[in-house]
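None of the figures in this text is laboratory data; all of them are computed from the coordinates on show. The shown structure was predicted, so the numbers you read here are calculated from the model rather than taken from an experiment. Because the Cβ atoms are built from the backbone with ideal geometry, glycine has one as well, and the counts that use them run over all protein chains shown.
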Amino acid sequence: MDQIQHPEPPEKGVSTTVPAPLRAIQERVYACIQCGTCTGSCPNAFAMDYTPRAMWRLVLMGEKETLFNSRTFLLCSACYYCTLRCPRGLPLTETMEELKQIAARENHPVHKKSVLFYRNFLESVRRHGRVREMEFMTLYFLSLKNPFTPLQFTPLGLRLMGKGKVGIQVPSKGQRRLEALFRKAEELEEQE
Ligand code: SF4
Ligand code: SF4
């Protein structure tokens, strides 16, 4: 497998004119000393275009465009390893999560597919209390509005069906037993 080259952010100082949605994020990582422990700890760093350390540098410089064109924060699987090991005790996992939320709120075209993927995953959980794989993928493909995308996944789908890993599922509304939980979470998010 080809090794991903991790570009370095340009060497500039900490920016004091940070775009609005990044201001709170910058405050959270202001004490970063660029030691690289987060990168060394991250199990997903090999697949990221910028390493976590380089990403915090981009945040501090207010490089919003470069940051949101990167897929680094989307590849964070919230394992909390970097947060546990950061010598400055910074809330790195939560900050990765906030970057995902900003990207979703601002509808960044680069992340459109990932955002739709997350939304449809959650919609399936909301309906049934757990993800129903085939229904989830059907909803995801419909939301992409591209009839050719499902074709790319047909061989994989057939293989998984052949091994009994997934079965045919017609999307249904489900019993929505987690509806109250989802509504409460939405309410709390709106208050933030
Ligand atoms: S481990 Fe903490 S201090 Fe070190 S580079 Fe990462 S965020 Fe900065
Ligand atoms: S929480 Fe995210 S960024 Fe931190 S080590 Fe885990 S995957 Fe990497």
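The table that follows gives values for the structure above.
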{"read-out": "Charge-dipole axis of the chain as Lys and Arg at +1 and Asp and Glu at -1 on Cβ define it, positive-most pick from Leu142, Ala47, Tyr118", "value": "Leu142"}
{"read-out": "Reachable lysines from Lys112, criterion Cα separation under 21 angstrom, eight or more residues apart if same chain", "value": "Lys64, Lys100, Lys145"}
{"read-out": "Highest-first arrangement of 50-58, 38-46, where packing means the average Cβ count within 10 Å", "value": "50-58, 38-46"}
{"read-out": "Disulfide-incompatible cysteines by the Cβ rule (no partner under 4.7 Å) in the chain", "value": "Cys32, Cys35, Cys42, Cys76, Cys79, Cys86"}
{"read-out": "Kirkwood hydrodynamic radius over Cα pairs of the chain, then Stokes diffusion coefficient at 20 °C and 1.002 mPa s, in µm²/s", "value": "113 µm²/s"}
{"read-out": "Stretchable slack from Thr154 to Arg28, in nm (0.36 nm times residue separation minus alpha-carbon distance)", "value": "41.0 nm"}
{"read-out": "Net charge dipole size for segment 20-106 [Lys, Arg +1 and Asp, Glu -1 on Cβ; Debye, nearest 20]", "value": "160 debye"}
{"read-out": "Inter-probe distance in nm under a simple model that places probes 7 Å from Cα toward Cβ, at Gln175 and Asn146", "value": "3.8 nm"}
{"read-out": "FRET efficiency, 1/(1 + (r/R0)^6) with R0 35 Å, evaluated for Cys79 and Lys184 via beta carbons", "value": "0.85"}
{"read-out": "Formal net charge of residues neighbouring Leu75 (Cβ-Cβ distance under 11 Å; K, R +1; D, E -1)", "value": "+1"}
{"read-out": "Summed residue charge, Cβ within 11 Å of Arg176's Cβ, Lys/Arg positive, Asp/Glu negative", "value": "+3"}
